[in-house]
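The values are calculated or read from the model by the stated rules, or taken from the named source; none is laboratory data. Fair warning: this is a prediction, and the values are worked out from it, not measured in the lab. A quick note on method: Cβ atoms are made from the backbone with ideal geometry, for glycine too, and the neighbour counts reach across all protein chains shown. SASA here: full protein model, heavy atoms, side chains in, ligands and nucleic acids out. Shrake-Rupley method; radii C 1.70, N 1.55, O 1.52, S 1.80 Å.
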Amino acid sequence: RRVHGEDGFERGKVDIMKLELEDVAPFRKMRVTMDTKGSRTEWYLESISLCSVESREMAMFHCNEWFSKKGNNLMKELPASVKGRAVVGKTSYKILVKTSDVMGAGTDANVSMMIFGENGESNVMNLKDSVTHRNKFERNNTDEFAVKDILSLGELTKLRIWHDNSGLGASWHLNSVEVNDEGNGKTYRFHCNKWLSKTHEDKQITRELTCEGKALGTEQAVVVYEFLIQTTDKKDASTSHNAFIILDGELRKSKEFLIENSSSKRVLKRGQADPFKFQCENVGRIRGLYLAHLESSDGPVIKQPTSREGMWHCY
């Protein structure tokens, strides 16, 4: 809710806003993004101050840089400064991605990842330029990637890695990932030894990997969840499109579990109960779930969200 500064983000002005959200103290960093809507798509941000109304704890986030559509410069991470001292410094990471030595392990798909640590999570890292191999992610190869001068994530806890399923040979068998923090000299290892594939094992192209060497209590263990999705027997209840589920637990939210319809395997049909198994970090006691319906390239074109092609009736 904007309290002061009705025009919003004008030259030399201070805008005051009041936000209601979960307690995020202690302040470590802030991620600021700008969309490209409107006639003016450039913005020079000097700083943001954040104050907790209850605890009165205050932090400054200095920027002094432009946000601009040019060069896709629309997002910045700002370290918190408390009493004049930056809470989080910058570091560089060397990432070693090992493809397994099994038949068909390599991939031509585009691979991305995010790293999680005590200081939050990184931005999406698109693993495009391998230092070691021109043709990356080939069988039994280790590809090195450099991520320079980003805010330190502190002690690493897990990473999320996925691909976009593009190319003729998209299926990928990932052996492991190793992340070297060049700032503190520490090495973090993440074991996988699984397919990221829509045709192998559990048909998932996203994996969450926990850092080796950490104490894996029940709160961090990997769990297999079983779902049974019942489509009603109403007229036109079926869908030819996809869906996804996110579990909301007391410990965390799960990744997105994709439920894919294809010409070879039709699911979510009228009167049909479809079983699925998905694996992720334990989310704890389940409080609820998010279920969404996604348009598929194989399904009929959805002209209107309320048209029959865009509807699905789930029990």
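Details
- Overall, the chain carries a charge dipole of about 340 debye about its Cα centre when +1 sits on the Cβ of Lys and Arg and -1 on the Cβ of Asp and Glu, all other atoms neutral.
- Solvent-accessible area per residue, Å², over segment 1-150 with all protein chains present [probe radius 1.4 Å]: 68
- Rolling a 1.4 Å probe over the protein heavy atoms of segment 1-123, with every protein chain left in place, gives an accessible area that is 48 percent carbon and sulfur.
- Computed over neighbours whose Cβ is under 12 Å from that of LYS194, the net charge equals -1, Lys and Arg +1, Asp and Glu -1.
- Solvent exposure, largest accessible area first (probe 1.4 Å, DNA, RNA and ligands not counted), of MET17, MET103, MET30, MET125: MET103, MET17, MET30, MET125
- Separation of the LEU21 and ASN135 label points, Cα + 7 Å toward Cβ, nm: 4.6
- Virtual paramagnetic centre 7 Å along Cα→Cβ of ASP164, amide N under 12 Å, in segment 121-146: 126-128
- Net charge over other residues, Cβ less than 9 angstrom from the Cβ of SER238 (K, R count +1; D, E count -1): +2
- Straight-distance candidates among the lysines for linking to LYS70, with alpha-carbon spacing under 20 Å and chain neighbours fewer than 8 residues away dropped: LYS37.
- Between segment 248-272 and segment 139-167, the Cα center-to-center distance that results, in Å: 26
- Each residue was assigned an accessible area with a 1.4 Å probe, and for LYS198 the value is about 50 Å².
- Over all directions, the projected convex hull of the C-alpha atoms in segment 96-198 averages 6.3 nm² in area.
- Links that overshoot a 25 Å alpha carbon limit, given the list LYS29/LYS69; LYS186/LYS277; LYS128/LYS265; LYS29/LYS277; LYS148/LYS203; LYS186/LYS255: LYS186/LYS277; LYS128/LYS265; LYS29/LYS277; LYS148/LYS203; LYS186/LYS255
- Whole-percent pair-distance distribution, where bins are 20 Å wide, for the alpha carbons of the chain: 25, 53, 22, 0
- Residues in segment 42-61 reached by a label modelled at SER68 [backbone nitrogen below 13 Å; 7 Å Cα→Cβ]: 42-45
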